[in-house]
Structure formats: structure tokens, C-alpha cells
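Contents: one structure, followed by commentary.
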Amino acid sequence: MKKSEKAKALFDNGFNCAQSVFAAFSPESGIPEEESLRIATPFGGGLGRQQLVCGAVTGALMALGAEKGKGTHDPETKKQEVYLLTRKFCEEFVKRHRSLNCRDLLDGLSMLDQEENRRIKELGLSETRCRRYVEEATEILEELLRREETS
């Protein structure tokens, strides 16, 4: 199963956007799926439904860090390489969706406002847009990592 399909399946089964993307990369990160789901929980809805940075984006960037990040005994260059990949990821996501901000991606509607959250549900934004953000964040990261391996 492709990672984007895995991420969408997780999302369709009630996991948030960050959980879905991060857990799709759990085999490569070495973090078991169950732990990945727990770790990423607070990042859904743009950090606990505050609608800051999109959870699909933070999930992808956590996966990037888990796979390529700088550890205790790694050279400083690893951090700089991950920063570069982070910028490339964000540029591509913004190119496709105009923003990294969850609220912007949901037409300015607030998940924390009862009426606006009802509107998000009525419009099916989670099932359409958020699901697409989960899929595309996963695909963007997969492509970046693939290019990194071949260069």
C-alpha cells in the first residue's frame, strides 16, 4: 500500500491529519505505528484545534525529522539538510494550497467556534479538503525523500 493510501485510510478511521501522515511513515522512522499515533495526537487541527500550522504539514515534518533529523552524534550539516528539505516541503505545499495555516485552508472557519465548526461539518471540509491535505502532504514528503536518495 502506498503511504498516501495508508495515510488516507488512517484519516478515514478517525485519526487526525497529523497522526495519519506521521504514522504512514512509521516503518521508515523506526517508531512503531501505535507510538506514532500517540506522539502526533496534539498536532491535529493545527495544534490542538487552534488551526495554526496544518496538522498534515506537521505530521509530514515530524516524519522527516524522524527519518533524516540530527541526533546526538550526527554532524551539524544534518540539521541544515533537514531545514532545506523542510523549506522545500513547505514551498510545495503552499504552491498547491496557498497556505500552511489550517484556518486559511478551511476558508477562515474556526473549529473552536460552535457555529463555524458546524459549518465545517456541513460543508464536508474535513472529508474533502483535510483528506486531500493528508494525501498530498504524504506524497510531497515521499517525493522529496525519493529525490534525496537519488542525489
- Message: Run the reach check for Lys79 against lysines, Cα to Cα strictly under 30 Å, same-chain hits fewer than 8 apart removed. What comes back?
- Response: Lys2, Lys3, Lys6, Lys8, Lys68, Lys70, Lys88, Lys95
- Message: Quick check: the distance between the Cα centres of the range 61-108 and the range 109-151, to the nearest angstrom?
- Response: 15
- By the scheme Lys and Arg +1, Asp and Glu -1, what is the net charge of all other residues having a beta-carbon under 12 Å from that of Tyr83? +4
- May I ask you to give the percent of accessible area on the range 1-93 that is carbon plus sulfur, with a probe radius of 1.4 Å? 55
- Item | Extended-chain gain in nm, criterion 0.36 nm per residue less alpha-carbon gap, Glu148 and Arg118 | 6.6 nm
- Query: Ordering Met62, Met1 from largest to smallest accessible area (1.4 angstrom probe), what's the sequence?
  - Reply: Met1, Met62
- Message: Give me the 1.4 Å probe accessible area per residue for the chain, excluding ligands and nucleic acids, in Å².
- Response: 54
- Message: Rounded to the nearest 20 debye, what is the charge dipole size of the range 11-93 about its Cα centre when +1 sits on each Lys and Arg Cβ and -1 on each Asp and Glu Cβ?
- Response: 300
- Before rounding to the nearest 500, sum -39500 (n - 2.57) across all DSSP H runs of length at least 4 in the chain and divide by the residue total; then give [θ] at 222 nm in deg cm²/dmol. -20500 deg cm²/dmol
- Item | Between helix 3-12 and the chain: long-axis angle, C-alpha atoms, 0 to 90°, nearest 10 | 30
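The values are calculated or read from the model by the stated rules, or taken from the named source; none is laboratory data. Just so it is clear, the structure is predicted and the values come from calculations on it, not from any experiment. No Cβ is skipped: glycine too gets one built from the backbone with ideal geometry, and neighbour counts run over all protein chains shown. To get the accessible areas, we keep the full protein, side chains included, count just its heavy atoms, and leave off ligands, DNA and RNA. Shrake-Rupley method; radii C 1.70, N 1.55, O 1.52, S 1.80 Å.
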